[in-house]
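Just so you know, all these numbers are worked out from the coordinates, no wet-lab data involved. Source: prediction; values computed, not measured. Note: ideal-geometry Cβ built from the backbone for every residue, glycine included; neighbour counts use all protein chains shown.
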Amino acid sequence: MDLKRKEIEYSVGDFVFLKVSPWKKLELPLKLERIHDVFHVFMLRCYCSDPSHVVPVEEIEVKPDLTFEEEPVQILDSEVKVLRKKSIPLVKVLWGNHSSEEATWEPEETMRKQYPHLF
């Protein structure tokens with residue numbers, strides 16, 4: 001007897017979270033038909049409706065290869081990463097449709113070239 005497992009039942013129409021590895025993709029509309037659509041029940045977690053979880057998908061333009069471009073909104077911080085033979089100036093970037101907790105550190109030179117309006 002496996003004490004860690006419990007009986008889980010889902011009904012048609014239930015909303016769930018799907019646990020997937022970052023490299024996997026999930027089939028949604030017909031145009032994504034190449035993606036496997038069967039998942040083990042233990043990869044699912046029950047989802048309780050919450051109006052704050054609304055994702056503004058209409059603002060994201062998804063390309064045919066399932067990628068989309070992120071637009072930086074603001075530079076939040078800067079620092080210099082010191083390596084053995086050189087120093088690399090970095091900036092902490094807040095991206096559109098993301099919270100400040102998801103800001104990323106990017107090379108300042110690259111960001112200045114691609115997004116000079118942020119500086």
Discussion item. What distance in nm separates the two pseudo spin-label positions at LEU66 and TYR10, each 7 Å out from Cα along the beta-carbon direction?
Written reply: 1.7
Fill in: Contour minus Cα-Cα distance for ASP77 and TRP105 (0.36 nm per residue)
9.2 nm
Discussion item. How far apart, in nanometres, would the label points at SER49 and LYS86 be if each is projected 7 angstrom from Cα along the Cα-to-Cβ direction?
Written reply: 5.5
Discussion item. Given Cα positions, please report Rg to Rh for the stretch 72-118, the hydrodynamic radius being the Kirkwood one.
Written reply: 1.01
Worksheet item: What net charge do the residues around HIS98 carry, taking every other residue with its C-beta under 11 Å from that of HIS98, with Lys and Arg at +1 and Asp and Glu at -1?
Response: -4
